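Student: Structure provided below as structure tokens; questions to follow.
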Amino acid sequence: MNCFEAFQSVKKICGIQSVDAAQDAIDAGADLLGVICVPNRQRTVDAEVAREISRRVKKAREHRQSNGLPGPFLVGVFRNQNIEDVERLQHKYGLDIIQLHGSEDWRQYKLKLGDTCLIKRFLFPEDCSQVLAMCQLEDPGCVPLFDSEAGGTGEKLDWNSISEWSQKCGAEFILAGGLTPENVKLASQLPGVRGVDVSGGVETDGVKDSDKIKTFLREAFAS
């Protein structure tokens, strides 16, 4: 988890499509803001919106750093797109972190993208051996995330099984899938959960809801 070693925990708001929603997430203390860079999806971000979000994120990061705090960072979410397209949008949008949400081999992308931190989506329990192998590397430059195959569907994962597995092997990961302001406090207390990631759970009628964003970020990792 060295990519995020400055963070005690990671709170990510994903599927952001408007500057207002991004600013709400920043103001409420989000560590990561995610924009969907997969073409023709429900939450695909507009190019100019992505660039403005990037400007807001960088401005907020400068302010936080002046106070000795980490983040926020902008995450671009991709799914089975070639590395050249990922690099192009990384530069165009000013992305800080690349999230791979398909069947990609994250090692190939890491070789090409160099120092850029990656987040790789894995499925539970199919990909547990891959997650464990990644966690055993000294500094893989990639952080594992458990989510459903499609992502953004609100499908909740099997928390009990994930907890049992993590307790046995000691792996750390970001948890997504079916998280809401109502259940994120419990989710963030599960063994191995180093970060939480939400999209649809902070929406009302398909639009990011400022109050839900604030509540989610307040409740995540709350004691």
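Student: Can you report the number of residues in region 60-86 which are without any contact (Cβ under 8 Å) to a residue 40 or more places away in the chain and out of contact with any Phe, Trp or Tyr (no Cβ under 9 Å at 6 or more places or on another chain)?
Tutor: The number of residues fulfilling the criteria is 12.
Student: Please state which of the following conditions L100 fails to meet, knowing it meets all the rest: (1) under 16 Å from the mean Cα position of the chain (by Cα); (2) more than 17 Å from G195 (Cβ to Cβ).
Tutor: (2)
Student: Look through S129, S210 and report the one residue that is farther than 16 Å from L33 by Cβ and among the hydroxyl-bearing types (S, T, Y).
Tutor: S129
Student: Looking only at residues in region 114-128 that are buried (at least 19 other Cβ atoms within 10 Å of the Cβ) and aliphatic (A, V, I, L, M), which one is nearest to L175 (Cα to Cα)?
Tutor: The qualifying residue nearest to L175 (Cα to Cα) is I119.
Student: Kindly indicate the residue of region 38-60 that is under 18 Å from the mean Cα position of the chain (by Cα) and farther than 23 Å from G71 by Cβ and also surrounded by the fewest Cβ atoms within 10 Å (Cβ to Cβ) among those meeting that condition.
Tutor: Q42
Student: I've got another one for you. Residues being surrounded by fewer than 21 Cβ atoms within 10 Å (Cβ to Cβ) and farther than 19 Å from R51 by Cα: count how many of those fall in region 86-108.
Tutor: So the count comes out to 6.
Student: Could you list, in sequence order, the residues of region 59-87 that are touching a Leu at 6+ places or on another chain (Cβ under 8 Å) and within 15 Å of L32 (Cα to Cα)?
Tutor: Scanning region 59-87 gives G71, P72, F73, L74, V75, G76.
Student: How many residues are of a type in the set (A, V, I, L, M, F, W, C) and touching a residue at least 40 places away in the same chain (Cβ under 8 Å) when one looks only at region 87-121?
Tutor: Looking only at that region, the number is 6.
Student: Having 2 or more residues that are surrounded by 15 or more Cβ atoms within 10 Å (Cβ to Cβ), in contact (Cβ under 8 Å) with a residue 40 or more places away in the chain and touching a helix residue (DSSP H, G or I) at 6+ places or on another chain (Cβ under 8 Å) is the bar; report the strands (runs of 3 or more DSSP E) wholly within region 140-223 that clear it.
Tutor: Qualifying strands (runs of 3 or more DSSP E): 142-146, 193-198.
Each reported figure results from applying straightforward, stated rules to the coordinates on display, with no laboratory input. Nothing here was measured: the structure is a model prediction, and the numbers come from that model. Cβ: placed from backbone, ideal geometry, glycine included. Neighbour counts: every protein chain shown.
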